[in-house]
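Contents: one structure, followed by commentary.
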């Protein structure tokens, strides 16, 4: 099959690109290599497969570029990962997030409509659950209160997918990722920052009292779930949680990284950050039943794998 992967040079996108190329698929990647973090990192992410893919450097907000890409591509599936990421930066510059994550998603789905691309997979986020008090979080839970512009854009993206599935028959899967980590993860994410700082004997920043918790999901498990979702056909529109189905507090996470590195962390204690949810916890029973998804990597094992990669590449 011929896949278009938006954001294919990023953390998750580059792993997915490698998986699809290794299984014999044709892959086109579109990425704007923006400066949210060093673009050189993203270029290195694709080094292993650069000669086996078509790479288009461009912005999904550019409707003309998107149209031209679809006209030439004749794609079988779109996997849409491109987005402005991060809760805290979205509070500082919400307009950038709305134009990229909402307008960009619309451009892609409208191109699917006119070029008759039958399948579209959308990367959503556990942040859409906001301050949901029911745990674990289920796809059937009412979404009543997102608390960041980033989360609002992801929820809007899901709704646009629902519209295009209903109106134009495009098979749409929305995947709510729960705190993905592992080799090549973004340098602004907690595990990456903490590991780097601890190894460099620099203080780490702990926001809040350490009781906030996340459902951490290793990258290989996420890719398994994504590949399974691209083959799902039961309903035209579906939402799936992809998580580890376990929670780890911030304090526990720091202790695990200390244990893996053998170094005691120096901690700067800071107040809670606006937009950060107190916890995430995935109910993955739907993905288990319909996709055969099952997270395989416990957080402690995943941190050890990440540390080995980090020490080799840094």
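Laid out as a table, the results:
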read-out: The listed residue being more than 26 Å from residue 80 (Cα to Cα) and surrounded by fewer than 20 Cβ atoms within 10 Å (Cβ to Cβ), out of 196, 169; value: 196
read-out: Selection status of residue 191, surrounded by fewer than 18 Cβ atoms within 10 Å (Cβ to Cβ) and under 29 Å from residue 208 (Cα atoms); value: no
read-out: Selection from the stretch 164-175 of residues that are farther than 19 Å from residue 287 by Cα and either without any contact (Cβ under 8 Å) to a residue 40 or more places away in the chain or not in a helix (DSSP H, G or I) (or both); value: 167, 169, 170
read-out: Matching helices (runs of 4 or more DSSP H) fully within the stretch 176-290 where at least 3 residues are closer than 30 Å to residue 1 by Cβ and touching a strand residue (DSSP E or B) at 6+ places or on another chain (Cβ under 7 Å); value: 219-229
read-out: Only listed residue being assigned to a helix (DSSP H, G or I), surrounded by 18 or more Cβ atoms within 10 Å (Cβ to Cβ), in contact with a helix residue (DSSP H, G or I) (Cβ under 9 Å, 6 or more places away or on another chain) and modelled with pLDDT of 95 or more, chosen from 293, 306; value: 306
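So that you can scan it fast, the table gives a plain yes or no per residue for (1) within 20 Å of the chain's Cα centre (by Cα); (2) closer than 23 Å to residue 230 by Cα:
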residue: 110; (1), (2): no, yes
residue: 116; (1), (2): no, yes
residue: 127; (1), (2): yes, yes
residue: 136; (1), (2): yes, no
residue: 144; (1), (2): no, no
residue: 151; (1), (2): yes, no
residue: 156; (1), (2): yes, yes
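The values are calculated or read from the model by the stated rules, or taken from the named source; none is laboratory data. These numbers were taken from a predicted model, which means no experiment stands behind them. Here the Cβ is made from the backbone with ideal geometry for all residues, glycine too, and neighbour counts use every protein chain on show.
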